[in-house]
Amino acid sequence: MTNLKPVDVAIIGGGWTGLLTAKEITEKTSLSVAVFERGGPRKLADYAVTMDELDYNIRLRMMQNTAEETITHRHSLKDSAVPVRQHGSFHPGTGTGGAGEHWGGASFRFLPDVFTLRTHLLQKHGAAKLHEDLSIQDWAVTYDDLEPRYWKAEQMMGISGKAGNLRGQKIDGGNIFEGPRQQEYPTPPLKHSYASSMFEAAVRRLGYHPYLTPAANLSEPYKNPDGIMRGACQYCGHCQRFGCMVGAKAQPSNLLMPVLGRRKNFEFRTGSWVRRIVHKDGRATGIQFTGENARAVLPTRLDGRAGVLHVEQLAAAVAFQNRHALRSKHAQRHARPQPHAPGGTIAIAFRRWSWP
């Protein structure tokens, strides 16, 4: 058992949310941040030489191995839990960037009414017709609150698209049903394929309003506000389940790691499988993890000024985040789930979390 040097903030999971959280903290504070990722390192050069369709598309090289850790499923309340051995469309990632490396790049904003769905249902149906235990709730923020943050994220990723609602003006060619945008997309939409051109013509004849999917795959060379330069998409078709061989797709490895790698208050540990959260008197004090040698369990301690920030994908949160708390015998009263952020991520912060 080895005690490592204390850090101010420990983040579990090195995907979009974990690394972006680390970027914001290290940029705006002097706190030391350590990110723990159970998978291995990934970089652009890896994808350029190993674009094997059998390995990546069928054998799912970039996904979490269900033989090592899996979730369970019941077909009914009477059934016993059985392990899920094939993920289907649920592909939790592993390694630097997590699922942010092998995503397809489709980048939508949530519609404004998503944020106030409970209010909408109450107004439409009345409280008497809705069950008292209805789990649907309004968000703590609105679309207008998040719009500037959406724009900041889109600038960072260089989202390619066409606005359909620009400051309230509906524009043909974009999604006219989207919430009002204050800015046009950072880069133009991707090119039409022959098939998509035929589809667009057909649905227009039916009176619909087709538009090109907003994509985190660059339609032209782009330099983001952090100074990261990426080239345009080559339309190879290897987006989903693959890392981009030319770096045109926005991925944590090509957008966040270059920035974080230059910061002295940042540390990134791959091959670090977190087993439990260490706590004392209801306060998270550190984490225990298995290192790359797969033998020793190494605890890392916090210095008392901050806390543990536990970040993973929303899809994995139900299976894995709560499991860390249960393994640690950390009662639910010590954890507070936060509303999940657009893009499919969730953060769980401990009640004892405090900035210095």
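Here are a few things to note about the model shown:
- Unmet requirement for Gly261, which otherwise passes all of (1) within 20 Å of Leu60 (Cα to Cα); (2) small (Gly, Ala, Ser); (3) open to solvent by 20 Å² or more (accessible area, probe 1.4 Å): (1)
- Whether a residue is at pLDDT 90 or above, small (Gly, Ala, Ser), open to solvent by less than 20 Å² (accessible area, probe 1.4 Å) and in a loop (DSSP other than H, G, I, E, B) was assessed, and Gly39 passes this test.
- Total residues in the range 239-258, condition open to solvent by 40 Å² or more (accessible area, probe 1.4 Å) and either in a strand (DSSP E or B) or not polar (S, T, N, Q) (or both): 5
- Candidates in the range 115-138 are the residues that are among the aliphatic types (A, V, I, L, M) and open to solvent by 60 Å² or more (accessible area, probe 1.4 Å); of these, the one that is farthest from Leu190 (Cα to Cα) is Ala128.
- Counted residues, the range 214-235 - those being open to solvent by 70 Å² or more (accessible area, probe 1.4 Å) and within 17 Å of Ala195 (Cβ to Cβ): 1
- Enumeration of residues in the range 187-211 that are touching a strand residue (DSSP E or B) at 6+ places or on another chain (Cβ under 9 Å) and open to solvent by less than 50 Å² (accessible area, probe 1.4 Å): Thr187, Pro189, Leu190
- Search result, residues across the range 108-138 that are within 30 Å of Asn217 (Cα to Cα) and in contact with an Asp or Glu (Cβ under 9 Å, 6 or more places away or on another chain): Phe108, Arg109, Leu111, Pro112, Phe115
- Some residue of the range 9-17 being in contact with a Pro (Cβ under 8 Å, 6 or more places away or on another chain), closer than 16 Å to Thr96 by Cα and either among the hydroxyl-bearing types (Ser, Thr, Tyr) or not in a loop (DSSP other than H, G, I, E, B) (or both): yes
- With respect to the stated conditions, Leu77 fails to be out of contact with any helix residue (DSSP H, G or I) (no Cβ under 8 Å at 6 or more places or on another chain), surrounded by 11 or more Cβ atoms within 10 Å (Cβ to Cβ) and either assigned to a loop (DSSP other than H, G, I, E, B) or aliphatic (A, V, I, L, M) (or both).
- For the range 264-284, filtered to residues that are β-branched (Val, Ile, Thr) and within 22 Å of the chain's Cα centre (by Cα), the residue that is most open to solvent (accessible area, probe 1.4 Å) is Thr270.
- Exactly one residue among Gly158, Gly173, Gly168, Gly164 is open to solvent by less than 60 Å² (accessible area, probe 1.4 Å), more than 26 Å from Cys233 (Cα to Cα) and of a type outside the set (A, V, I, L, M), and that residue is Gly168.
- In the range 58-73, the residues that are closer than 18 Å to Pro41 by Cα and open to solvent by less than 40 Å² (accessible area, probe 1.4 Å) form Cβ pairs under 9 Å with partners that are among the hydrophobic types (A, V, I, L, M, F, W, C) and part of a loop (DSSP other than H, G, I, E, B), at six or more places apart or across chains, as follows: Met62/Phe242.
- Of all the residues in the range 222-232, those that are in contact with a Ser or Thr (Cβ under 9 Å, 6 or more places away or on another chain) and part of a loop (DSSP other than H, G, I, E, B) number 1.
- Screening the range 89-208 for helices (runs of 4 or more DSSP H) wholly inside it with 3 or more residues that are within 30 Å of Pro41 (Cα to Cα) returns the ranges 143-157.
The values are calculated or read from the model by the stated rules, or taken from the named source; none is laboratory data. Just so it is clear, the structure is predicted and the values come from calculations on it, not from any experiment. For neighbour counting, all protein chains shown are included, and Cβ atoms are generated from backbone atoms with ideal geometry for every residue, glycine included. Side chains are part of the model used for accessible areas, which takes the heavy atoms of the whole protein and leaves out ligands, DNA and RNA. Shrake-Rupley method; radii C 1.70, N 1.55, O 1.52, S 1.80 Å.
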